[in-house]
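Visitor: Got a structure here, written out as structure tokens. Questions coming.
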Amino acid sequence: MNSTCYIAGLGTSVPEKKLSNFDFEKIMDTSNEWIVSRTGIKTRHVLAEGQNISDIAYEASLKAIVDAKIDKSEITHILVATCSPQKLSPSLACILAQNLGLSSTSGLQTISTHNPSLVCFDFNAACSGFIYGLEIARAFLALHSNSTILLVTAEGLSRRLNFQDRTTSILFGDGAGAVILRNHGDYLYKVHDVSLGSDGDYCDLIQIGGGTEFEAKVGDVVDESFFLTMQGREVFKSAVRGMAQESLKLLEKNSLTVNDIDLFITHQANLRIIEAVGERLSISQDKVFTNLEKYGNTSASSILLAMEEAREQGKLKKGAKTLLTAFGSGLTWGSALLS
Ligand code: ACO
């Protein structure tokens, strides 16, 4: 089976509104010094009132489509990685199809035996969503070789942060990313291989409420369980172990060593986690790319925000070996190898 998968275009978008560490100093018992020294984060972008993740997902998608030099009508699949969906249903993928004007070319009004249908769905692998999405896309491409896949990551975690909880609210930001994936034509980067893992025994460590377990009736008031909760120290240890082990497994499977890697991009959760993974892998720090100081933890979107910036700085290059790794709620984790 042909497992060729190319990233043909890349785009990102964050809301304009920013929250700095100094803004947090005004609303809770914290300090810029504590946040920077414990996390590396200085500011993050958050959705403004009335704004939705579909807005930033749309912008990121348009940029990826332009970057790939394709017509949007070529898209056969929209896959959205999110753990903060706009609604429980419909999927953000379907909302995006409507906003992009794709339903009118392939939807119910135009069903025929000639037009390919547009496949749309969301999936939740939390912060590992982009890496999981690459593997899902590889499977679709192997089954349907002429596919053009729009893989989107979109997170609005600020809408599920408890701003009375200083241990979680300072960590996260909102953002979206998108890539066009196909197995033919011009491309930016090749996806060589992907390796995924999960362990449901740790599902209590990071939770985001608001699902159907909340037996709501009109007029109810939400409590803390509606928001993101996390056992930070446990997550920290598991994140370091998970990302380092999965990366080594992927390298070994491809007969590579850490020395063969030109650029290392991890999920941007906490600078100390990234440094600890780098140390475990003995990868030199100048090969490790970070930009979380500007965005905080944007969950599934963080790797794409980092890839876009690394590309702008000339660090993410076609042909150079790039190792991606992520870790998140579930617990889930995964690594991917690009060149
Ligand atoms: N400002 C000031 N003090 C704080 C703050 C804050 N914002 N937050 C916590 N503290 C205090 C604590 O209350 C504690 O005080 P105490 O000793 O009096 O009890 C002290 O600082 C130390 O707290 P720790 O939790 O031990 O601090 P730690 O160094 O572990 O850092 C952190 C906490 C930043 C959350 C860290 O554990 C971490 O980054 N964990 C991983 C989080 C992560 O990466 N999540 C990613 C997955 S998210 C997803 O999948 C959606």
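Visitor: Listed here are the pairs Lys190/Lys237; Lys69/Lys317; Lys18/Lys87; Lys190/Lys287; Lys69/Lys321; Lys17/Lys318; which of them are more than 21 Å apart at the Cα?
Guide: Lys190/Lys237; Lys18/Lys87; Lys69/Lys321; Lys17/Lys318
Visitor: Give me the Debye-computed log₁₀ of I(q)/I(0) at q = 0.24, 0.28 Å⁻¹ for the stretch 241-302, equal point scatterers on Cα only, no solvent, two decimals.
Guide: With no solvent term, the Cα-only Debye profile gives -1.05, -1.28.
Visitor: Right, another one. If you average over every viewing direction, what projected area does the convex hull of the Cα atoms of the stretch 194-288 give, in nm²?
Guide: 8.0 nm²
Visitor: Follow-up question, since we're still on this one. May I ask you to give the average projected area over all directions of the convex hull of the Cα atoms of the stretch 160-207, in nm² rounded to one decimal?
Guide: The orientation-averaged projected area of the Cα hull of the stretch 160-207 comes to 6.0 nm².
Visitor: Assuming a viscosity of 0.890 mPa s and a temperature of 25 °C, what translational diffusion coefficient in µm² per second does Stokes-Einstein assign to the stretch 1-105, Rh being the Kirkwood radius over Cα pairs?
Guide: 149 µm²/s
Visitor: Among the aspartates and glutamates, which fall within straight-line cross-link reach of Lys42, defined as a Cα-Cα distance under 13 Å, with same-chain neighbours fewer than 8 residues apart omitted?
Guide: Excluding near neighbours in sequence, the set is Asp23, Glu25, Glu33, Glu293.
Visitor: May I ask you to evaluate 6.51 cos²θ - 1.76 cosθ + 1.60, the Karplus curve with θ = phi - 60°, for each residue of the stretch 143-158 and list the ³J(HN,Hα) values in order in whole Hz, giving x for glycine and proline?
Guide: 7, 9, 5, 9, 5, 10, 9, 9, 9, 10, 10, 8, 9, x, 5, 4
Visitor: Projected onto the charge dipole of the chain (+1 at Lys/Arg Cβ, -1 at Asp/Glu Cβ, origin at the Cα centre), which of Gly197, Gln268, Ala306 gives the Cα projection farthest towards the positive end?
Guide: In the chain, that residue is Ala306.
Visitor: Which order, highest average first, do 132-143, 323-334, 229-240, 212-223 follow once you tally other Cβ atoms within 10 Å for each residue and take the mean per peptide?
Guide: With the highest mean Cβ count within 10 Å placed first, the list reads 323-334, 132-143, 229-240, 212-223.
Visitor: Let me spell out the model: positive unit charges on the Cβ of Lys and Arg, negative unit charges on the Cβ of Asp and Glu, origin at the Cα centre of the stretch 1-64. What dipole size does that give, in debye rounded to 20?
Guide: 200 debye
Visitor: Oh, and also: Taking the Cα atoms of the stretch 111-269, what is the range of coordinates along each of the three principal axes, in descending order and whole Å?
Guide: Rounded to whole Å, the extents work out to 52, 51, 26 Å.
Visitor: Something else now. Can you tell me the length gained on complete extension of the stretch Val66 to Glu16, counting 0.36 nm per residue apart and subtracting the Cα distance?
Guide: Working it through step by step, the gained length comes to 15.9 nm.
Visitor: Per residue of the stretch 205-217, what does 6.51 cos²θ - 1.76 cosθ + 1.60 with θ = phi - 60° give for ³J(HN,Hα)? Whole Hz please, x for Gly and Pro, Karplus curve as stated.
Guide: Karplus values, whole Hz, x for Gly and Pro: 5, 9, 9, 10, x, x, x, 6, 5, 7, 7, 8, 10.
Visitor: Using all C-alpha to C-alpha distances in the stretch 115-170, build P(r) with 10 Å bins and read off the rounded percent in each one.
Guide: So the P(r) values, bin by bin, are 18, 39, 23, 13, 7, 0.
Visitor: Taking a temperature of 37 °C and a viscosity of 0.692 mPa s, what whole-number D in µm²/s does Stokes-Einstein yield for the stretch 3-45 with Rh from Kirkwood over alpha carbon pairs?
Guide: Diffusion coefficient, whole number: 254 µm²/s.
Visitor: Related question: For Tyr189, enumerate residues with amide H under 5 Å from its amide H, sequence gap 5+ or separate chain, H modeled in the peptide plane.
Guide: It is Ile7, by chain and number.
Visitor: Under the Kirkwood approximation for Rh and a Cα-based Rg, what ratio Rg/Rh is obtained for the chain?
Guide: Ratio of gyration radius to Kirkwood radius for the chain: 0.96.
Visitor: What is the extension gain from Arg166 to Asn254, computed as 0.36 nm multiplied by their sequence separation minus the C-alpha to C-alpha distance, in nm to one decimal?
Guide: 27.5 nm
Visitor: Could you work out the relative contact order of the chain? I mean the mean sequence separation of Cα pairs under 8 Å and 6+ apart, divided by the number of residues, in percent.
Guide: RCO, the chain: 25 percent.
Each value in this text was obtained by applying a stated rule to the coordinates, not by laboratory testing. Since we're looking at a predicted model, the values are computed, not measured. No Cβ is skipped: glycine too gets one built from the backbone with ideal geometry, and neighbour counts run over all protein chains shown.
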